[in-house]
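What follows is a short report on a single structure.
The values are calculated or read from the model by the stated rules, or taken from the named source; none is laboratory data. Keep in mind that this is a model prediction, so the values were computed, not measured. Please note: Cβ atoms are built from the backbone with ideal geometry, for glycine as well, and neighbour counts cover all protein chains shown.
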């Protein structure tokens, strides 16, 4: 293992160097004399737990914030960015966790905004714009996103791709991806990294932030680990085990990945039953049951109806057909208000746009769903509200210098805890988790696993969709595998493997002996 002073360097030398970078917000030290260097023609991962200083360093490197102390250099020349546009002029393009797209502009307009091609009279040429974007898409093998489509009509994964293309259109010397793949599927990630390798081979450098260790292992050259705002180590990707990396990130070993599952009493009546549940073209006659104290997983290839099922249960789709029963009684799920009144809570896919109001405070986000309990006749008791928020922050270990800070100032993991916090005291009995650990670090993931299992110990039911198969295996009592909007197989038992899930997803063989077919199929 190598330290910051003796890590192996590319013969091309460093493109970017950051030395002694410090940045504080009030009394919170986000960076403390932190060092970082990225060589020319290198894909370099920046790792650390939420709150380690990664995003603050990225904002300093991209001109969004100025460091309180330290030195930045590009190709050996000291630089001080006056703002993001200045960083772009120096060849630094950044894809942030928070998407910066204009939803009602087209894909092409978003990608080329600020440097649009013009015609003979200086007018913006829509034809040339779409041609340039189409060529950019073809370089990555993307053929499903029309350049003329409105961004508001795209999925989260496709919006993430548009954000990446927007940065690439600047032809940067240094591309920074801050959780730039968190919403992408495996195939999209492979295509993206095929392009990044081409950029690397042509001399472009890439700083890559991800909590998916499989991506780090497969795609990056070196990695730098931060903890508590400081540089801990820089190593080649192949030189440290996962356990060593986690220990460097957290300062301690993580002994086990998943808490023990709650015992489910199978003789109890189901908490939730669905029979022929359908929504639009994405969900086709789903039948399932959920017991109190159970975690039911949703698996299958991405885009096979898992997200549609969760959103339909939360009343986000019109024209839902079929029957839903909660504790044996018919449930009306025509809109989210119906779902909430029925005891259903949703932790959505995109916490920033669907789970939180980012400019509003931590306090306001936590109390949105239960504000009526803190006062009478339309007046809220600030003392009671603040006492409740303090309790919830302590219960979920939310790290924030003040409950009056805007939610957007928190790390991704702490933002996700806020989304859960606002539901815990609503009386919800059924919790829908839509890929809840996407974009959060290993330590916060561990805390979320404990929270999910804690809900089942209280007799709640959980339906969990995760793009990380290991989470489904480690947390779920049963796993319903979906394909083309249907449940094609349900796996259960203590020895489910990733191969079992993949085989069921692809329809290869009949799967495990302890797998059960879709209830609707069995009824036939």
Name the residues in the stretch 131-143 that are free of Cβ contacts under 8 Å to residues at least 24 places away in the same chain and either more than 20 Å from residue 192 (Cα to Cα) or surrounded by 12 or more Cβ atoms within 10 Å (Cβ to Cβ) (or both), would you?
131, 134
Positions within the stretch 178-207 being over 16 Å from residue 41 (Cβ atoms) and not in a helix (DSSP H, G or I), in sequence order:
178, 179, 180, 181, 182, 183, 184, 185
Go through (1) under 18 Å from residue 206 (Cβ atoms); (2) modelled with pLDDT of 90 or more and name the single condition residue 54 misses.
(2)
For residues in the stretch 95-120 being farther than 21 Å from residue 412 by Cβ and at pLDDT below 85, which is surrounded by the fewest Cβ atoms within 10 Å (Cβ to Cβ)?
120
Could you grab me the full set of residues in the stretch 420-439 that are in contact with a helix residue (DSSP H, G or I) (Cβ under 6 Å, 6 or more places away or on another chain), outside any strand (DSSP E or B) and farther than 15 Å from residue 455 by Cα?
437, 439
Could you tell me which residue of the stretch 61-82 is surrounded by the fewest Cβ atoms within 10 Å (Cβ to Cβ), considering only residues that are under 27 Å from the mean Cα position of the chain (by Cα) and either modelled with pLDDT under 90 or under 22 Å from residue 114 (Cα atoms) (or both)?
64
